[in-house]
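Visitor: Quick one: the structure is below, and I'll ask about it shortly.
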Amino acid sequence: ELTHHEADWDAKGYVRQPGGTFGMGQQATSEIATQKIGADGRLKLSDSTSVQGTTYQQSNLLNGAKTSLVEARVENHITAALSAYYGGRDARDTSSLGTKRSDQFIAGTAYTLLDKKLTLRAGAEVGSGTAGSVMMPDRLILGSDYRVSNQSKVFAEQEFAKGANLNVQTTRVG
């Protein structure tokens, strides 16, 4: 992994191929026998606006399946309490069954109130066609974070996801 940080831009390039026993059993099953090659970058356009991008290809070394992703987004800090992001994503899953693709518009916002203790947020990832990629279905996420102290916060989140072979709702709290 190579990383570079500056005041106005950051970049990271990486090649990852964790072994089957990496992490003493803490590795996600989906990451076993995979190789991931990618790059991430951020460019600060102003004090309130930046552009971020990421691209990667993850290959399953056992069955040859591949997931490719390219994503770019603009992030704006509109006020001290309000931020928003918007951009696009292209994701492709290729396997022996063919290629599934998701071309998506992505957008979201967050608003902080109650003396920066409560953050309300919403994010959407909506395809311009069928959300065929298993990893990138169309989704809407609504959530909130409450800062209990400087070191801890609690959150609640509801996700609605729909794709070519997927229609789920997920609630997360913690």
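Visitor: Are there any pairs with C-beta distances below 7 angstrom linking a residue in the stretch 38-63 that is acidic (Asp, Glu) to a residue that is open to solvent by 30 Å² or more (accessible area, probe 1.4 Å) and part of a strand (DSSP E or B), with the two at least 6 apart or on different chains, and if so which?
Guide: From residues that are acidic (Asp, Glu), the pairs are Asp40/Lys12; Asp40/Thr54.
Visitor: Oh, and also: Can you name every one of the strands (runs of 3 or more DSSP E) wholly within the stretch 23-87 that holds 3 or more residues which are of a type in the set (Gly, Ala, Ser), modelled with pLDDT of 95 or more and open to solvent by 50 Å² or more (accessible area, probe 1.4 Å)? Break it down stepwise before answering.
Guide: Working: elements: 34-44, 49-60, 66-77.
Those strands (runs of 3 or more DSSP E) do not exist here; none qualify.
Visitor: Checking Glu125 against (1) closer than 21 Å to Gly53 by Cα; (2) among the acidic types (Asp, Glu); (3) open to solvent by 40 Å² or more (accessible area, probe 1.4 Å), only one condition comes out false. Which one?
Guide: Of (1) closer than 21 Å to Gly53 by Cα; (2) among the acidic types (Asp, Glu); (3) open to solvent by 40 Å² or more (accessible area, probe 1.4 Å), only one is false for Glu125: (3).
Visitor: How many of the residues in the stretch 133-160 are over 21 Å from Tyr86 (Cα atoms), at pLDDT below 95 and surrounded by 15 or more Cβ atoms within 10 Å (Cβ to Cβ)?
Guide: The number of residues fulfilling the criteria is 1.
Visitor: Moving on to the next point. If you go through the stretch 80-111, how many residues are closer than 16 Å to Ser50 by Cβ and of a type in the set (A, V, I, L, M, F, W, C)?
Guide: 5
Visitor: Report, by residue number, each residue of the stretch 88-122 that is farther than 15 Å from Val70 by Cβ, surrounded by 15 or more Cβ atoms within 10 Å (Cβ to Cβ) and modelled with pLDDT under 95.
Guide: Listed by number, the list holds a single entry, Lys100.
Visitor: Which of the residues belonging to the stretch 157-174 are among the hydrophobic types (A, V, I, L, M, F, W, C) and over 30 Å from Ser128 (Cβ atoms)? Write out each step before concluding.
Guide: Start the filter on the stretch 157-174 by keeping residues that are among the hydrophobic types (A, V, I, L, M, F, W, C), which leaves 160-161, 164, 166, 168, 173.
Once the filter is applied, which keeps residues that are among the hydrophobic types (A, V, I, L, M, F, W, C) and over 30 Å from Ser128 (Cβ atoms), the stretch 157-174 yields only Val173.
Visitor: Kindly list, by first and then second residue, each pair from a residue in the stretch 1-18 that is free of Cβ contacts under 8 Å to residues at least 40 places away in the same chain to a residue that is part of a loop (DSSP other than H, G, I, E, B) and open to solvent by 90 Å² or more (accessible area, probe 1.4 Å), limited to pairs with Cβ atoms under 7 Å and residues at least 6 apart or on different chains.
Guide: Listed pairs, sorted by first residue: Lys12/Glu1; Tyr14/Glu1.
The values are calculated or read from the model by the stated rules, or taken from the named source; none is laboratory data. Note that the structure is predicted; figures quoted are calculated from it, not measured. Neighbour counts are summed over all protein chains in view; Cβ atoms, including those assigned to glycine, are modelled from backbone coordinates with ideal geometry. Ligands, DNA and RNA are stripped out before the accessible areas are found, and what is left, the full protein with its side chains, is counted by its heavy atoms. Shrake-Rupley method; radii C 1.70, N 1.55, O 1.52, S 1.80 Å.
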